[in-house]
Amino acid sequence: MLERASPAANTQFPAASRPAAGLSQASSYPVASLSERRRAAFVDAGLLLFSYGGMLALFTVLGGRIGFNRVDLGVAGATFALFYAQYFALFTVFGGSTPGMMLRGLRVVSFDGGVPTSRQMGWRSLGYLISAGVCFLGFIWALWDDDQLCWQDRISQTYLTPNEEIRAS
């Protein structure tokens, strides 16, 4: 867990505008609200399920069979995990944000308020996998975190902020 950098960081902020741990109010953007991040997650989940459904439909059209035995369900789960990993890795590392984040007007920034490095985005992508891999506990963690940050935020030392906050600065 990161230490707070200055006494200014100990000031109480509303939940949606509280800066991330380790940042002073003057050098950081507010953390995006949980409701905005949840809406972005629903958009991403919808796109992910739609693309996975399209892959399964293509598989069956081309002659594949999907059964409900243990092996088929294991293969389906493994391919979904690969889709999940590719979705977040490609959009996070190469695009800087997922389509859900873009549609909801959210942007990833580093704890110092700057543009995240490629290494930080790679760690963020790995953080998404870890957060989901433990029954989504890493995402739910934001409900208890003082700064409302998820595991991928802490792992990568980045967080989501509204785009209009960046434009206003």
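The values are calculated or read from the model by the stated rules, or taken from the named source; none is laboratory data. Everything numeric here is computed off the predicted structure, so don't read it as measured data. Cβ: placed from backbone, ideal geometry, glycine included. Neighbour counts: every protein chain shown.
The requirement of being of a type outside the set (S, T, N, Q), under 20 Å from Ser131 (Cα atoms) and modelled with pLDDT under 95 is satisfied by Phe83.
Those residues that are among the hydrophobic types (A, V, I, L, M, F, W, C) and crowded, with 16+ Cβ neighbours inside 10 Å, I need them from the stretch 94-119; list them, please. Scanning the stretch 94-119 gives Met101, Met102, Leu106, Val108, Val109, Phe111.
The set of residues in the stretch 11-69 being modelled with pLDDT of 75 or more, in a helix (DSSP H, G or I) and over 18 Å from Gln86 (Cα atoms) consists of Leu34, Ser35, Glu36, Arg37, Arg38, Arg39, Ala57, Leu58, Phe59, Thr60, Val61. If I filter the stretch 56-73 for residues that are within 20 Å of Tyr128 (Cβ to Cβ), in contact with a Gly (Cβ under 9 Å, 6 or more places away or on another chain) and surrounded by 14 or more Cβ atoms within 10 Å (Cβ to Cβ), do I get at least one hit? No, the conditions are met nowhere in the stretch 56-73.
Annotation note: Cβ proximity below 7 Å between a residue of the stretch 61-84 that is closer than 16 Å to Phe50 by Cβ and a residue that is of a type in the set (Gly, Ala, Ser) (sequence gap 6+ or interchain) occurs for Phe83/Ser51; Tyr84/Ala132. Apart from one condition, Pro162 fits all of (1) surrounded by fewer than 19 Cβ atoms within 10 Å (Cβ to Cβ); (2) touching a strand residue (DSSP E or B) at 6+ places or on another chain (Cβ under 8 Å); the exception is (1). Contact annotation: residue pairs with Cβ atoms under 9 Å, 6 or more positions apart or on different chains, pairing a residue in the stretch 131-144 that is touching a residue at least 60 places away in the same chain (Cβ under 8 Å) with a partner that is among the basic types (Lys, Arg), are Phe139/Arg37; Ala142/Arg37.
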